[in-house]
There are 4 protein chains.
Amino acid sequence: MKVVFFGDVVGETGREVLREAIPKIKSLYQPDFIIANGENAAGGNGITPKITYEFLRLGIDVITLGDHAWDQKEIVSFIQDEPRLLRPINYPPETPGEGYIIVKGNGKKLAVLCAIGRTFMIPQTDNPFLISKKIITELHKETPCIFVDFHAEATSEKIAFGRFLDGSVSAVVGTHTHVQTADETIFPGGTAYITDVGFCGAHDSVIGREIGPIIYRYTTLLPTKFVLATNNPKANGIFVEIEEQSGKALKIERIQLSFNLS
Amino acid sequence: MKVVFFGDVVGETGREVLREAIPKIKSLYQPDFIIANGENAAGGNGITPKITYEFLRLGIDVITLGDHAWDQKEIVSFIQDEPRLLRPINYPPETPGEGYIIVKGNGKKLAVLCAIGRTFMIPQTDNPFLISKKIITELHKETPCIFVDFHAEATSEKIAFGRFLDGSVSAVVGTHTHVQTADETIFPGGTAYITDVGFCGAHDSVIGREIGPIIYRYTTLLPTKFVLATNNPKANGIFVEIEEQSGKALKIERIQLSFNLS
Amino acid sequence: MKVVFFGDVVGETGREVLREAIPKIKSLYQPDFIIANGENAAGGNGITPKITYEFLRLGIDVITLGDHAWDQKEIVSFIQDEPRLLRPINYPPETPGEGYIIVKGNGKKLAVLCAIGRTFMIPQTDNPFLISKKIITELHKETPCIFVDFHAEATSEKIAFGRFLDGSVSAVVGTHTHVQTADETIFPGGTAYITDVGFCGAHDSVIGREIGPIIYRYTTLLPTKFVLATNNPKANGIFVEIEEQSGKALKIERIQLSFNLS
Amino acid sequence: MKVVFFGDVVGETGREVLREAIPKIKSLYQPDFIIANGENAAGGNGITPKITYEFLRLGIDVITLGDHAWDQKEIVSFIQDEPRLLRPINYPPETPGEGYIIVKGNGKKLAVLCAIGRTFMIPQTDNPFLISKKIITELHKETPCIFVDFHAEATSEKIAFGRFLDGSVSAVVGTHTHVQTADETIFPGGTAYITDVGFCGAHDSVIGREIGPIIYRYTTLLPTKFVLATNNPKANGIFVEIEEQSGKALKIERIQLSFNLS
Ligand SMILES: [Fe+2]
Ligand SMILES: [Fe+2]
Ligand SMILES: [Fe+2]
Ligand SMILES: [Fe+2]
Ligand SMILES: [Fe+2]
Ligand SMILES: [Fe+2]
Ligand SMILES: [Fe+2]
Ligand SMILES: [Fe+2]
């Protein structure tokens, strides 16, 4: 089974990048499933129902979210009706939405789970290790192929989480820092891992935003309006090949595609 | 001018890796200067005078530090006598040690500066942007070739810092997260940049430490003794080529070397 | 029912203060139950089995803990055998120890619960609001008289927690900041509340520690050995009177006692 | 010399409270100078030029600010023209506005200084200890009577700061947590001190805001619109009497006034 995952899609440029990238990765990788983190799709802040449908129409099977999940208020009710839009699983049980889904296609079955870290993160969520493990044990009854987006800041928490799940899921890929790391590997238990996939959007930027206002803030500490950047559009993603019977990863490959939008 | 920089050297395994890596990179890159971040060289916590000399004997020209700078108490007085050991420049003015040095060799002159970030970092240091800029303006009177280690956690702060110094230094390389990033580039102003160089030490680990105790802590929140890992020793570094007259970067290349120590 | 609660007992001076304070408050308040937060009783860091017994012999009925709960390693196994020593309830379910107890005396029954906040706190615990509420609903089957120690930093989280439990417990008293607040009150639902009870120990200090090393750290950022202070011993506590049938608070009164130990 | 200082004035209710409180404290304390922290005066977020003038007309001599200093954008330019409006002194040197002022009245001279802490605080400011000390040494050439507002979260940082300045200023009063502490004292060097003065505004609230939305956020982690509360208006302040020749504090007294606005 072949899966492509795109890192945080940032704003309109990120969405344009996605439109260009999807046909390209389809021909390059023939993915059975495509997943994207959509937490910054709406102008950098969350996702709307409209953009959710745009993603789904493009061929994305599952959309994961992170600390920006709820930036657009309509999502709080919408997420209850759209199971392909996942919020991190370790929010309070009462919080709307789900943190996992099983998708089917080409006669294959993939579980996708989204969790969020706690070190240096603002939302005060519950233990991602224990909660994910519990659900994953359940998911194993349905399929050994499980793909996990761990949206977190600290490298130590992300690696620990990946190692913790090694052998019980097919892949743990990190998101949130918007910078792709060069540590993609397959752990001894068969779990593909990368600390961060990176992001889709304008790369002449500070993680997707215009450089000037960010520097202004760091040097004056005065408030500024953050504006999304548009130059140097790139798609950052990861390709994972999974052995269907066992759920073990066979291959992990970093994706960096540049585009000339105009 | 050719410079090789090694990311955080972690413990004895990291130092062994360095011993193996230096002859190898000398033959591969013919560096004029070698720099290494030594903040975790002494069992993961800081550096000792003895290890400092060990580094210098191996051919390292300058050692940078970070938030672990002062873990070994003897360093507080030792650093005043050893100008090749740099603590981050944005500590209080009264703090012992210096945050920059100009080194000479092969008829060449390189300034090295070390600063530390503030987002998600424990030491409450002063503004790295403003303080670094001021010193760099001074250093330009001596040489246009300036190499900066920015020891920081948040990708946004690191990229903003690199962009802020773009055009006024030859390279800004990040350290601290112990995970090499795949975003090495030369910014438009001629500054080579990477968000994190990674670390030198055992990579079957959580950023250099044994996996088991870290997972134990994340799942129980109970205290544990962190032990350094020894498996899968790797050197993470970066190679930068600089045009001497202008100080502009000509090339940046990631280094990942694996070793079989035994 | 009359209850006296002592804020964080810090080190040997704190324990001496307690020895002096208990007979005094017994004659002043005739408490049915005495509770103390013991998270700093052992030299500032956690509590030992020996000190636990010392507390119990002094007439303390229940000892609550906080982020320093596990500083002394022996406590991890000891806490499973000593139900009167409570660790915060919102640690992972597998963590040893319990976060509540029902104590009896003078024909009365009091439930004591200990929870820990998350804002600005190091241990990454689970939601204190939801977990406490669930247990409190259970405890109501046994007694309406419930006394809660909420060990937390941020005033907003503490007040929100108190207001959240207003009407379902007899008292919510804050600990952890070591500074007594002047906002003791009874909320409309009948819950006695104070943001922080303060601490028992040497008050010519920075929250129990010698002033000099702390200032040295703030001005140099260099490591220092923190030493416990001994001057100006004071006991900070709170007195709450509860109507037994309803569990409603009738009275809340701040306690500040000075001692001349020598 | 007699000085009254009011803690963070929150929104319209806070301003109404101030209107009622000022005549009352004038008759009770005959203050030579009145100071108020205005960082939450404009609907909870910062202060406007209009509200600044409103404060000055009420008889407030100096307005201090904190982390909310810049919430209202017009303040960035306005503060340069209004020296009685102070932003924390440890912002970058280039940041508009000043962090101290000397005011005169009744033949008396008082210096007022405003600094901001760093522990658990969002703005990444420079070292408040070292910067304040330097300015205070200068201010001593003008007057020994110096009143300091230290806007900070952590009790340890606040007490350390007060102890650090003990003997060189007349008073250090804390703000920011919006909860008045019961630790007012005069330190051995003659500096009056309190960890937090509290706030002026609606006290049936979570630090000035409506309780419901705050609890909703803590239990669901979903975004909510914070609304200012209006019930139980109170003024929290502090009265300090200073010996003019020496600048030593003679007296410190907590102020809590309740009002029935309607
Ligand atoms: Fe993101
Ligand atoms: Fe994120
Ligand atoms: Fe490090
Ligand atoms: Fe570090
Ligand atoms: Fe604590
Ligand atoms: Fe404590
Ligand atoms: Fe405030
Ligand atoms: Fe504030």
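Numbers below:
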read-out: Distance from the stretch A:159-195 to the stretch D:154-203 (C-alpha centre basis), Å; value: 48 Å
read-out: Bins of 5 Å from zero: percent of alpha-carbon pairs in the stretch B:121-262; value: 2, 10, 16, 17, 16, 14, 10, 7, 5, 2, 1, 0
read-out: Qualifying trypsin sites (Lys or Arg not before Pro) for the stretch A:1-83 [loop in DSSP, other Cβ within 10 Å: at most 15]; value: A:K73
read-out: For the stretch D:2-258, accessible area per residue (1.4 Å probe, heavy atoms of protein chains only), Å²; value: 34 Å²
read-out: Diffusion constant of the protein assembly as shown at 4 °C, which comes from Stokes-Einstein with the Kirkwood Cα-pair radius and 1.567 mPa s, µm²/s; value: 43 µm²/s
read-out: Protein-protein interface of the stretch D:178-195, residues with accessible area decrease of at least 40 Å², isolated chain reference, 1.4 Å probe; value: D:V179, D:A182
read-out: Teacher prompt: C:T185 distances to equivalent labels in other copies, 7 Å Cα→Cβ, nm; value: 2.7, 5.2, 5.5
read-out: Position B:S77, label points 7 Å along Cα→Cβ, spacing to each other copy in nm (shortest first, one decimal); value: 4.2, 5.7, 7.1
read-out: Loop-resident sites, the stretch C:123-195, for GluC sites (Glu not before Pro), counting at most 12 other Cβ within 10 Å (DSSP); value: C:E142
read-out: Shielding by other protein chains, C:71-82, mean Cβ within 10 Å; value: 1
read-out: For chain C, built as a Gaussian network whose Cα springs stay under 10 Å, the top-fluctuating residue of C:A192, C:A182, C:A115; value: C:A182
read-out: Shielding score for D:219-232, defined as the mean number of other chain Cβ atoms within 10 Å; value: 4
read-out: Beta bridges by DSSP in the protein assembly as shown, antiparallel share as percent, to the nearest 5; value: 50 percent
read-out: Cut-off under 5 Å, modelled amide H: who pairs with B:D8 long-range; value: B:N37, B:H176, B:C200
read-out: Helix-only CD estimate at 222 nm, as mean residue ellipticity for the protein assembly as shown, using -39500 (n - 2.57) per DSSP H run (n ≥ 4); value: -7500 deg cm²/dmol
read-out: Per-residue ³J(HN,Hα) for the stretch D:144-149, Karplus 6.51 cos²θ - 1.76 cosθ + 1.60, θ = phi - 60°, Hz, x for Gly and Pro; value: x, 8, 10, 10, 10, 9
read-out: Per the axis that maps chain B onto chain C, nearest residue of B (Cβ criterion) and its distance in Å; value: B:I122, 5
read-out: Chains D and C, summed buried accessible surface - 1.4 Å probe, Å², nearest 100; value: 2900 Å²
read-out: For A:T137, inter-copy label distances in nm, listed shortest first [label point 7 Å out on the Cα-Cβ vector]; value: 2.3, 6.2, 6.3
read-out: Chain-alone versus full-assembly comparison, the stretch A:130-167, residues with accessible loss of at least 10 Å² (1.4 Å probe); value: A:L130, A:E153, A:T155, A:S156, A:E157, A:I159, A:A160, A:R163, A:F164
read-out: Rounded percent of accessible protein surface that carbon and sulfur make up, chain C, 1.4 Å probe; value: 48 percent
read-out: R0 of 41 Å, Cβ-Cβ distance A:N45-D:R84: FRET efficiency to nearest 0.05; value: 0.65
read-out: √(5λ) per eigenvalue of the Cα gyration tensor, the stretch C:186-262, largest first, Å; value: 36, 16, 7
read-out: Principal axis box of the stretch A:102-171, alpha-carbon based, largest edge first, Å; value: 40, 21, 18
read-out: Proximal lysines to B:K24, defined as alpha-carbon separation beneath 27 angstrom and excluding residues fewer than eight positions away on the same chain; value: B:K2, B:K50, B:K104, B:K108, B:K109, B:K234, B:K248, B:K251
read-out: Separation between Cα centres of the stretch C:49-126 and the stretch A:1-65, rounded to whole Å; value: 48 Å
read-out: Chain B - convex hull of alpha carbons, volume per residue in Å³; value: 123 Å³
read-out: Shape category assigned to the stretch A:1-156 from the gyration tensor of Cα positions, a/c cut at 1.5; value: oblate
read-out: Calculated from backbone phi, Karplus (6.51, -1.76, 1.60) coupling profile of the stretch B:249-262 in Hz, x at Gly/Pro; value: 6, 9, 7, 9, 9, 6, 10, 9, 10, 9, 10, 10, 7, 5
read-out: Residues in the stretch B:187-203 that a label on A:S258 would reach, taking backbone N under 19 Å of a point 7 Å out along Cα→Cβ; value: B:187-195
read-out: Under the span-like rule (Cα at least 24 Å along the axis, Kyte-Doolittle mean at least 1.6), DSSP H helices of chain B; value: none
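The values are calculated or read from the model by the stated rules, or taken from the named source; none is laboratory data. As the structure is a prediction and not an experimental result, all values here were calculated from the model. FYI the Cβ positions are ideal-geometry reconstructions off the backbone, even for glycines, and counts take in every protein chain you see. For accessibility, only protein heavy atoms count, side chains too; no ligands or nucleic acids. Shrake-Rupley method; radii C 1.70, N 1.55, O 1.52, S 1.80 Å.
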